[in-house]
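Taken together, the values in this text are just the output of simple stated rules run on the coordinates, not laboratory data. What you see is a predicted model; the values in this text were computed from it and never measured. Ideal geometry is used to build each Cβ from the backbone, glycine not excepted, and the neighbour counts take in all protein chains shown.
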Amino acid sequence: MILIDEGQSPLVLCLPHSGTDVPKAVYNRLNATGKLQADLAWRLERVFDFHKELDATVLRSNVSRFVIDLDRDPKTPVSAAMDPARALCPATTLDGKRVYQEGEEPGPTEAEQRFLLFYAPFHKALHQQIDRLLRKHRKVILVNCQSMRSHIKGVTDEDLPLVNIGSEEGRSCDPDLRNVLVGSFRGQEGYTVSVDRYTKGGFITHSFARPALGVHAVTLLLAQRAYLRHESPPFEPDKSRMAALKAVLLDSLSRLVDWTGVSESANGRGEAAAPDGQPGTGEDTETAEAALTATGGEDEEASTPAEEEVEPAETGAPHLPKDPDSASDDTDEEPARPLLVAE
C-alpha cells in the first residue's frame, strides 16, 4: 500500500524505507534476525509529520524494505540478494547477517512478483506527483528521506553524523540548493553533517533528478539517535530529541521551498517565477515531464486525494530482469510460493 498526502508547494518528501509491513507468506520464512527488521527507517514518518506546515507532498509505503527495497535499481539481478549494498529483495541485513531461514530466500519468480505488487506502483505514484507539481512550479525539490542506526558493522563503524546529505557529488541538484541545505544544518548547535560521504543519493535520487529541467533531488539520511531513545527494538521515539529535530528540519526545508522562488499569484495558486519575473511557461513544464517519462514512469496527472491508498500495479507493469546467471528453466523449478498479498 502506498500512502500519499498531497501538498501544493514544490516540495516532495519521499520515505521509501519507513514501512514495516511484511506479508505472512514472507514473515513466516524469516529467521529471528529478519523479524527484528533492524534496518528500517523506524518512526521516520513521525519525524516529518509537520509537512502540512510546508504544504509539502509526502509519499511513503507501508511495506518493509525486507520485502523489497524501493530505493534500489530494479535491474539488479536476484543473485545480488546477499549484497546489502545492491539487493532489491535483501537476503541479509546491512551488516551481512542472514534474514531468512535456510533455503527460504526469494527466487526470480517471487522477486518479480514483489516488484509488480510493491515497487512499480510506488515509483509510478512518485512520478505522478512530480508531474503534478511541475504543472504548477518551475522548480520541484524531491527529498529522499532516510534514517539508519548510528553504528552498523562494515557500514558505519564510526559515529554516523546526525545529518547526511547525498547529491551525487552535486549532480542531482543545483549546487546552490545543496549549499542552502547543508548550511541550514551546520548552523545548528550539536549537529554534525556529512555531504556525499555516507550516502551519495540512492536510486530514487539518481533516477528522478533532472536539475537542468527543474527537478532537483537530494537524499537526507538521519542518524536514528537524533530522534530515538534507543536504536534497537522497540525503537521508541525520544520526545525531546524528536521535537528538537522537527524544529531544525522545518527550518531547513522551509529554506528549500524559499529557494525555489515560489510566488503566490493573485488568485492564490502558487506559480514559480521565471527569471524575468513572469510566470513559468507550459513549454518548460512539458520538457521536464517528457524527460521524467523517459526514465520509465507514466506521463499522466495524479488526481489522488490526500492520504490516498494506491492499489498494486496491474501485470502490465515492466518486469524485473531475471538473474542472468541462472538457467532459463530455473524459474519453472522454483517451489511455488503463496501470493504476496499484504494481509
Between the range 76-122 and the range 1-66, how far is it from one alpha carbon centroid to the other, in angstrom? 18
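Let me check against my output: what whole-number percent is the relative contact order of the range 182-232, with C-alpha pairs under 8 Å and at least 6 apart? Don't jump to the answer; show the numbers that get you there.
On the way: 27 pairs, mean separation 10.7, N = 51.
Contact order relative to length: 21 percent.
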At a threshold of 8 angstrom on Cα-Cα distance, excluding pairs fewer than six apart, so keeping six or more, what relative contact order does the range 14-69 reach in percent? 65
Cross-link partners of Lys75 among lysines (Cα-Cα below 30 Å; sequence separation of 8 or more within a chain): Lys24, Lys35, Lys97, Lys124, Lys139, Lys153, Lys200, Lys322
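Estimate the FRET efficiency between Lys97 and Ala244 by the formula 1/(1 + (r/R0)^6), using the beta-carbon distance for r and 41 Å for R0, to the nearest 0.05.
Working: r = 32 Å, r/R0 = 0.79.
It comes out at approximately 0.80.
Please report, in cubic angstrom per residue, the volume enclosed by the convex hull of the alpha-carbon atoms of the range 103-171. It would help to have the intermediate numbers written out before the result.
On the way: hull volume 11.6 nm³, N = 69.
Measuring per residue, one finds 168 Å³ for the Cα hull of the range 103-171.
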For all pairs of alpha-carbon atoms in the range 36-89, what percent lies in each bin of width 10 Å, listed from the first bin to the last filled one? 20, 41, 27, 11, 1
